[in-house]
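Below: the structure, in structure tokens.
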Amino acid sequence: MQSLVWYAKTNKSLPMFSEDFGFEDLNNIIRIIYNYFDLSTEMMKSKSRERTLVVPRQFVHYFARKTTVHSLSKIGFMAGNKNHSTVSNSVKIINNLITYNKQIKRDYKNLNALLCQ
């Protein structure tokens, strides 16, 4: 079994459904959220800052942080090779948007229901 550091240093792709790292829960969150927004998981790795891609990424970060025990760095690594500070910022943004943005609140409720099944 290779470590996360080895994968990061060698720029090798981490197996998407790797039980060795205990990421099946993260992969499930990613799959459900991207299916909900009708996006491919390949788009998660995109550098694009289009709102249609950013919001799903932020939801992945939010739900991964709230429902798993993985560190911000591990979540960021699995969710498109993002920095830990990006994950932390995403959690704050979604928390704020849920309170005053009706569409985000609706998406949050729907995603929460899907993830709890």
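None of the figures in this text is laboratory data; all of them are computed from the coordinates on show. As the structure is a prediction and not an experimental result, all values here were calculated from the model. So basically every Cβ, Gly included, is an ideal-geometry build from the backbone, and we count neighbours across all protein chains shown.
How big is the charge dipole of the stretch 22-75 about its Cα centre, in debye rounded to the nearest 20, if each Lys and Arg gets +1 on its Cβ and each Asp and Glu gets -1 on its Cβ? Display every interim value, and only then the final one.
Values: 9 positive and 5 negative charges, 55 e Å.
The dipole magnitude comes to about 260 debye.
What length, rounded to one decimal in nm, is gained on full extension from SER88 through to SER71, with 0.36 nm per residue of separation minus their alpha-carbon distance? Please report the intermediate quantities before stating the final value.
Working: separation 17, 0.36 × 17 = 6.12 nm, distance 1.03 nm.
That pair, SER88 and SER71, stretches by 5.1 nm at full extension.
Among the listed pairs LYS82/LYS102; LYS47/LYS74; LYS47/LYS82; LYS66/LYS92; LYS45/LYS105, which have their C-alpha atoms separated by more than 21 angstrom in this model?
Violating the 21 Å Cα-Cα cut-off are LYS82/LYS102; LYS45/LYS105.
Return the sequence-ordered ³J(HN,Hα) values of the stretch 52-69 in whole Hz as given by the Karplus equation 6.51 cos²θ - 1.76 cosθ + 1.60 applied to θ = phi - 60°, using x for Gly and Pro.
5, 9, 5, 4, x, 4, 5, 5, 4, 4, 4, 5, 5, 5, 7, 10, 10, 9
Would you work out which of PHE59, ILE94, ILE32 lies farthest towards the positive end of the dipole of the stretch 23-115? Charges go on Cβ: Lys and Arg +1, Asp and Glu -1.
The one lying farthest along the dipole's positive direction is ILE94.
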